[in-house]
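The values are calculated or read from the model by the stated rules, or taken from the named source; none is laboratory data. Keep in mind the model is a prediction, meaning the values are calculated, not measured. Virtual Cβ from ideal backbone geometry, glycine too; neighbours counted across all protein chains shown.
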Amino acid sequence: MRKSLLTLSMLAAMSAPAMAADYTDGDIHKNDYKWMQFNLMGAFNELPSPDGDGSNHDYLEMEFGGRSGIFDLYGYVDVFNLTTSSNSQKDDASSKIFMKFAPRMSLDALTGKDLSFGPVKELYVASLIEWDGVSRTADQYAVNNQKIGLGSDVEVPWLGKIGLNLYATYDGNEHDWNGGHLATNWFKPLHFFENGSFISYQGYIDWQFGMKSELGATSATGGAMFNGLYWHSDRYAVGYGLKAFKNIYGLEDGSYTGDTTGFGHYIAVTYKF
């Protein structure tokens, strides 16, 4: 996931040492907030790639998140080939959208108890929904995943507070459980300018494991790591991200899907609402 912060108060909360969530006073809405932004993206050498050249395409991303009582939410909706370019690798794709929703339910807020321990500051029932709006009959690679597991906010050296979630994966197309998914994300301010803008290091890791060959995987493990450097102001952001792929989606590099291991590049221009 690409996490973002929209206010200086939220930024300070993440860059400072994280405190344990405390809802013992019964006020579950005291940490509420919300944000939304539009990202105009360019992807270069994205994997997997049957022809070995990587996928190059533009897309518009509506990204959002927030907190309301016991619920924490992150999500985005991508619309591919916004410019309808015939040179885009997404021009003839069966799906022009991809959606990811990651709602989490705080166990601390739900129980009214402080469940923190060590570096773990808050615990959640975590879920993740991935969908591209296409049926398996229309596209054998259609995405329809539902994931459920345990989530947490964890304080780590230098990075500060990160999200760390462990899911079991249910393949909605095959109607079967298919391995696990470990996901983490971070947002680290690196340098502040006199005008209040700043440079951040932000990114995520998605690693899948225990995937089954009978459900289409040619590798039991696979995933990606995104490393981004972004300039932020109150209203805008501009950034570059380097994404490392390793047998992405459980597809062995060099198998029938072509290249699935390597590096992709992403540029983003953001407007924050």
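To keep it simple, each residue is scored yes or no on (1) within 30 Å of SER68 (Cβ to Cβ); (2) aliphatic (A, V, I, L, M); (3) surrounded by 18 or more Cβ atoms within 10 Å (Cβ to Cβ); (4) in contact (Cβ under 8 Å) with a residue 40 or more places away in the chain.
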| site | (1), (2), (3), (4) |
| --- | --- |
| VAL125 | yes, yes, no, no |
| GLY133 | yes, no, no, no |
| ASP139 | no, no, no, yes |
| ASP153 | yes, no, yes, yes |
| HIS175 | no, no, no, no |
Quiz prompt | LEU60 vs. criteria closer than 25 Å to TYR23 by Cα and free of Cβ contacts under 8 Å to residues at least 24 places away in the same chain | solution = no
Quiz item: Does ALA12 fit the bill of being exposed (fewer than 15 other Cβ atoms within 10 Å of the Cβ), hydrophobic (A, V, I, L, M, F, W, C) and at pLDDT below 90?
Solution: yes
Quiz item: Do the conditions hold for MET41, that is, is it in a strand (DSSP E or B) and crowded, with 19+ Cβ neighbours inside 10 Å?
Solution: yes
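Let's see how each residue does on (1) modelled with pLDDT under 95; (2) of a type in the set (Ser, Thr, Tyr):
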| position | (1), (2) |
| --- | --- |
| ILE70 | no, no |
| VAL77 | no, no |
| THR83 | yes, yes |
| LYS90 | yes, no |
| ALA109 | no, no |
| PRO119 | no, no |
| SER135 | yes, yes |
Quiz item: Which condition does ALA142 not pass, out of (1) of a type outside the set (Val, Ile, Thr); (2) modelled with pLDDT under 95; (3) closer than 24 Å to ALA268 by Cα, if it passes all the others?
Solution: (3)
Self-check item: Selection count where residues are surrounded by fewer than 20 Cβ atoms within 10 Å (Cβ to Cβ) and over 18 Å from PRO50 (Cβ atoms), scope region 242-265
Solution: 3
Quiz item: Which fully enclosed strands (runs of 3 or more DSSP E) of region 167-273 have 3 or more residues being modelled with pLDDT of 95 or more and within 26 Å of GLN146 (Cβ to Cβ)?
Solution: 176-192, 198-209, 222-232, 236-246
Quiz item: When you look at SER94, is it crowded, with 18+ Cβ neighbours inside 10 Å, of a type in the set (S, T, N, Q) and in contact (Cβ under 8 Å) with a residue 24 or more places away in the chain, yes or no?
Solution: no
